[in-house]
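Computed from the coordinates by the stated procedures, all read-outs in this text should not be read as laboratory data. These figures come from a predicted structure and were not determined experimentally. Ideal geometry is used to build each Cβ from the backbone, glycine not excepted, and the neighbour counts take in all protein chains shown.
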Amino acid sequence: MLPSAEALPDVLLDLAVPHEDINDLLALRGRLAQDPEARWLLDRSVAGTVRDMGKPGAGPKYAALPVELGSLGAYFYVYVFVATLPYVRAYHRSRGIPDDVSRHTLADLGRHIAVHRRARGGPGLLHPSWNSLHFRGELYQLGRLQFQRAVLGERMGGAVAAAGHSASRGDLCLNLHITDFRGPLSPEACDRSMWLAGEFFARHFPEERYETAVCHSWLLDPQLKRYLPADSNIVRFQERFRLADGYEREPDDIAPVTFVFGDGDLPVAELPRRTRVERAVGDHLRAGGHWYGGHGWFPL
């Protein structure tokens, strides 16, 4: 159930929804309440989100919305997560998760609305299924990094087992994610996040055993070392991980352009060269190269 029109602004502010979106979300709330089909889809989406709350990998598959919905379609999944909020907060409380961790984690919804506006020039969420991880108790913001409670898949599980690690396919792992709009990815910030994660999961998920951290990101592409100094934050982040074999090397040029410049559709020839990372990403592509997703792990 959605909050009342009077309560909704405070809820949106707690979720870090940008101020410029709040009036539109308030205005569209009435339209949503009066549309039986939209309300049916809202109820169905909320039920799918909260089903198996806290179980890694059991999240919903959200329906693609028709363009005819216009602004209501753009904001629809924001309403889904607002309606899911009481369920995930109750789950957090049942686990004894501190209120500040809960708030910082769920406030990532507002960040993703800002990411969408930067990339597309308007309201919406680029990947609603990603935000479901936060609202299902699977992912937590702990300092600079996010930590997703996940399970080792066939390729990563095989890679860590082949390296002699005690974990293997099907075992629990922590999947690390790097957010933007949170400042430098400094070694000190990453060390603090890892320390926080060790304390957090031991205290709030004591029945779960985490022996492996993994990361799947273009930031682990070894080619970055050709452009960045050894003491750069990105290279030092890479050095934490062992790269896993068994993954197909498919070019992924859109991801670095999206994360560095905000819009994956920007013409390569026009990419700015203001920072070392911008020069690395753009110059590599302009020289005819490609970027690839990296898949790394390290033991905990």
Label assignment, Cα extents along the principal axes in Å derived from the structure, set (i) 56, 51, 32; (ii) 62, 55, 39; (iii) 49, 47, 41 = (i)
query = Of the GluC sites (Glu not before Pro) in segment 5-90, which ones lie in a loop per DSSP and count no more than 16 other C-beta atoms within 10 Å?
reply = Glu6
request  = Order the peptides 238-244, 270-276 from the highest to the lowest mean number of other Cβ atoms within 10 Å of their residues.
outcome  = 238-244, 270-276
inquiry  = Tell me the relative contact order for segment 1-138 as a rounded percent, counting alpha carbon contacts under 8 Å between residues six or more apart.
reply    = 36 percent
ask   = Alpha carbon centre of segment 216-276 versus segment 8-30: separation in Å?
value = 34 Å
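Hand me the chymotrypsin sites (Phe, Trp or Tyr not before Pro) from segment 242-300 located in a DSSP loop with no more than 15 other Cβ atoms within 10 Å, in residue order please.
Listed in order of number, the matching sites are Tyr247.
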query = Given Tyr87, Pro9, Ala114, which one lies farthest toward the positive end of the charge dipole of segment 1-138, if we put +1 on the Cβ of every Lys and Arg and -1 on the Cβ of every Asp and Glu?
reply = Tyr87
note = With +1 at each Lys and Arg Cβ and -1 at each Asp and Glu Cβ, the charge dipole magnitude of the chain around its Cα centre, to the nearest 20 debye, comes out at 360 debye
key: Rounded to 10°, Cα long-axis angle of helix 276-286 versus longest principal axis of the chain   = 80 degrees
ask   = Going by alpha carbons, how many degrees (0 to 90, nearest 10) lie between the helix axis of 187-204 and the longest principal axis of the chain?
value = 60 degrees
Selection from Gly96, Pro18, Trp40 lying farthest towards where the dipole of the chain points positive, charges on Cβ = Gly96
query = Given charges of +1 on the Cβ of Lys and Arg and -1 on the Cβ of Asp and Glu, with all other atoms neutral, how large is the dipole of segment 1-138 about its Cα centre, in debye to the nearest 20?
reply = 420 debye
